[in-house]
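Computed from the coordinates by the stated procedures, all read-outs in this text should not be read as laboratory data. Bear in mind the structure is a predicted one, so any value in this text is a computation, not a measurement. Cβ atoms come from the backbone with ideal geometry, glycine included; neighbour counts cover every protein chain shown.
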Amino acid sequence: MKPKETANEVTVARKDEVIRVAARLFAAKGYHATTLDEIAEEMGVTKPALYYYIASKKDILQSIINRVMEPMDQVTKVGQSNLEPREKLESIIRMLVKFATERKETAMIAFEQANVLPKRSQDALKRRQKEVEKVVQQTLKEGVAQGCFVVDDVRMTCFAILSVSNWLYRWYRPEGSQTPAAIADQYIKLLEHGYLKK
């Protein structure tokens, strides 16, 4: 028998739903064109009920931005860690796959619809994306220097890794047969070994 959710767990889950619905609407219509009334209607609640979970539309936007920035911050921390290059790269891929599968709506804004965000947020997002690219490229260079990676073009390899990991949100379905962890395992195997029989 499934344990009954606590009041706090219900509140957290409900706020998560608000953010996901809002992100989907922001991506479709833009931040400024989307109203709280539309978000409430999409959720099937009244506008006053919405205020139980969020303070304002700006509060929702900040939550979305935080969800976009958080995995990028984690990638930077891994890049600065003492892990071996291979461990670093595997950890980064797992983080990006987790983000793309568990936060599909915010991933869409980050990678396709950033223009719906205010200019300041767009600029901050671009800086973080550049930081992630820098971390992945540096990790690849470390691996080459230590003799554990064979990479002809660091920049191209970096973009291949990020493309495979980040664009997962476009086809991933939670009800599918593959879990995010299993997908990450397959991606790592493919990226590390290629697809030709050795």
Checklist entry - Any idea which of (1) more than 21 Å from residue 72 (Cα to Cα); (2) among the aromatic types (Phe, Trp, Tyr); (3) in contact (Cβ under 8 Å) with a residue 12 or more places away in the chain is the one residue 195 doesn't satisfy? => result (3)
Next on the checklist: Condition first: closer than 22 Å to residue 27 by Cβ and within 17 Å of the chain's Cα centre (by Cα). Now tell me which residues in the stretch 165-186 satisfy that.
Outcome noted: 165, 166, 167, 168, 169, 170, 171, 172, 173, 174, 180
Checklist entry - Name the residues in the stretch 147-174 that are in a loop (DSSP other than H, G, I, E, B) and farther than 23 Å from residue 110 by Cα, would you? => result 147, 148, 149, 150, 151, 152, 153
Checklist outcome for this item: Filtering the stretch 30-41 down to residues that are within 16 Å of residue 106 (Cβ to Cβ) and without any contact (Cβ under 8 Å) to a residue 40 or more places away in the chain yields 34, 39
Item to check | Hey, residue 105 surrounded by fewer than 18 Cβ atoms within 10 Å (Cβ to Cβ), out of contact with any strand residue (DSSP E or B) (no Cβ under 8 Å at 6 or more places or on another chain), of a type outside the set (Lys, Arg) and under 23 Å from residue 19 (Cβ atoms) or not | outcome: no
Checklist entry - Any idea which residue in the stretch 97-145 is nearest to residue 84 (Cα to Cα), counting only those that are out of contact with any Pro (no Cβ under 6 Å at 6 or more places or on another chain) and among the polar types (S, T, N, Q)? => result 138
Checklist entry - Residues in the stretch 85-131 that are within 11 Å of the chain's Cα centre (by Cα) and of a type in the set (Asp, Glu): how many? => result 2
Checklist entry - Within the stretch 19-34, can one find any residue that is touching a Leu at 6+ places or on another chain (Cβ under 8 Å), of a type in the set (S, T, N, Q) and under 21 Å from residue 121 (Cα atoms)? => result yes
Checklist entry - Among the listed residues 160, 114, which satisfies the condition of being touching a residue at least 12 places away in the same chain (Cβ under 8 Å) and closer than 17 Å to residue 93 by Cβ? => result 160
Next on the checklist: Suppose we filter the stretch 42-68 for residues that are in contact (Cβ under 8 Å) with a residue 40 or more places away in the chain and either in contact with an Asp or Glu (Cβ under 7 Å, 6 or more places away or on another chain) or within 23 Å of residue 183 (Cβ to Cβ) (or both); how many remain?
Outcome noted: 2
Checklist entry - Does any residue of the stretch 138-146 turn out to be free of Cβ contacts under 8 Å to residues at least 12 places away in the same chain, over 15 Å from residue 91 (Cα atoms) and part of a helix (DSSP H, G or I)? => result yes
Checklist entry - Can you tell which of 134, 189 is within 20 Å of the chain's Cα centre (by Cα), among the basic types (Lys, Arg), in a helix (DSSP H, G or I) and surrounded by fewer than 15 Cβ atoms within 10 Å (Cβ to Cβ)? => result 134
